[in-house]
Amino acid sequence: MSSFEHILVERKGAVGIVTLNRPKMLNALSFGVFSEIKVAIDDLEADDAVGCIIVTGSEKAFAAGADIKEMQPKGFIDMFSQDFTQIGGDRVATCTKPTIAAVSGYALGGGCELAMMCDIMICSDTAKFGQPEITLGTIPGIGGTQRLTRAIGKSKAMDLCLTGRMMDAAEAERSGLVSRIVPADKLMEEAIAMAEKIAGMSRPVASMAKSAVNRSLETSLAEGLKVERDLFHATFALEDRSEGMAAFIEKRKPVNKNR
Ligand code: CAA
């Protein structure tokens, strides 16, 4: 496993956990942090023992956004020639294994954007989400106007991006940004339980389900339904599919071979 300065990476059974670790700066996402997250996801994706990955922060902050102190002196050419995606800032979104953002406290700007790159977001009752970039004279730069709009719709996304206000956990769940709210002291327990459950499924089938859902955000309904049908048919080439159905009929738990 690689060594890191700004994040902690651990493996609990079949669950990989990436924890942002810049507590004095509320996990502000510098270029260095984004680069380390990329390496961590590369490592965990290549690790056959890992079936699901959690991205999390601290109790006070998942991440309070891109590092404003690092960005302030930069000009257009600096940001254009080395932007966040070029250093792998969107690596979480391209991960083929299922990912869960476990959010407590602030998930603002790039923090909200990083959480939205994950497949599932669960949050504690203390979570606060927002895209406050407009208050800094800029706009979201790594998915905030795009993924947020797809997740919560145009009016609320405009509300957040144009006023810079924060949304609490209840509003985030109501609007479909998060799938579950849990008490703050239970966040990691719940996230790990969810990740273990997902990691226990057939790995190729989990990747297919993830891929099909993600496809719905990129294509027409007719094309998406075709992709889904093709992948559904493809599961019939897998041992895990015949085992899964046999186990149901024989009233036992399936043993996935991940093939
Ligand atoms: N970048 C750099 N430093 C940050 C930071 C950020 N995004 N957020 C917090 N910090 C630093 C603060 O400067 C402070 O450092 P000092 O002690 O050295 O002054 C430390 O973290 C603690 O922060 P606060 O004292 O401000 O803590 P608070 O509890 O009073 O407020 C907060 C918390 C409301 C989250 C506030 O810190 C805040 O508004 N942060 C900035 C949020 C923001 O604007 N994010 C968007 C960034 S731009 C972006 O993300 C672009 C993109 O789309 C890619």
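The values are calculated or read from the model by the stated rules, or taken from the named source; none is laboratory data. As the structure is a computational prediction, the values presented were derived from the model and not from experiment. Here Cβ is always computed from backbone atoms with ideal geometry, including for glycine, and neighbour counts include all displayed protein chains. Quick note on the areas: whole protein, heavy atoms, side chains included, nothing else; ligands and nucleic acids left out. Shrake-Rupley method; radii C 1.70, N 1.55, O 1.52, S 1.80 Å.
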Criterion (near the ligand (Cβ under 10 Å from one of its atoms), open to solvent by 10 Å² or more (accessible area, probe 1.4 Å) and not in a strand (DSSP E or B)) met by exactly one of THR149, THR145, THR126: THR145
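In this structure, is LYS38 open to solvent by 50 Å² or more (accessible area, probe 1.4 Å) and either touching a Pro at 6+ places or on another chain (Cβ under 6 Å) or more than 25 Å from ARG215 (Cα to Cα) (or both)?
Working: open to solvent by 50 Å² or more (accessible area, probe 1.4 Å): yes; either touching a Pro at 6+ places or on another chain (Cβ under 6 Å) or more than 25 Å from ARG215 (Cα to Cα) (or both): no.
So LYS38 does not fit the description; no.
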Answer yes or no as to whether THR94 is under 15 Å from the mean Cα position of the chain (by Cα) and among the hydroxyl-bearing types (Ser, Thr, Tyr). yes
Just for the range 63-93: of the residues that are acidic (Asp, Glu) and open to solvent by 20 Å² or more (accessible area, probe 1.4 Å), which one is nearest to LEU8 (Cα to Cα)? ASP90
Out of all the residues in the range 99-108, is one or more farther than 19 Å from ALA157 by Cα and either surrounded by fewer than 20 Cβ atoms within 10 Å (Cβ to Cβ) or free of Cβ contacts under 8 Å to residues at least 12 places away in the same chain (or both)? no
Just to be sure before I move on: is LYS60 under 17 Å from SER124 (Cα atoms), at pLDDT 95 or above and open to solvent by 20 Å² or more (accessible area, probe 1.4 Å) in the structure I sent? yes
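Can you pull out every residue in the range 42-57 that is without any contact (Cβ under 8 Å) to a residue 60 or more places away in the chain and either farther than 20 Å from SER202 by Cα or surrounded by fewer than 22 Cβ atoms within 10 Å (Cβ to Cβ) (or both)? Break it down into steps so the answer makes sense when it comes.
Let us first name the residues in the range 42-57 that are without any contact (Cβ under 8 Å) to a residue 60 or more places away in the chain, namely 42-49, 57.
Selection gives ASP42, ASP43, GLU45, ALA46, ASP47, ASP48, ALA49, GLY57.
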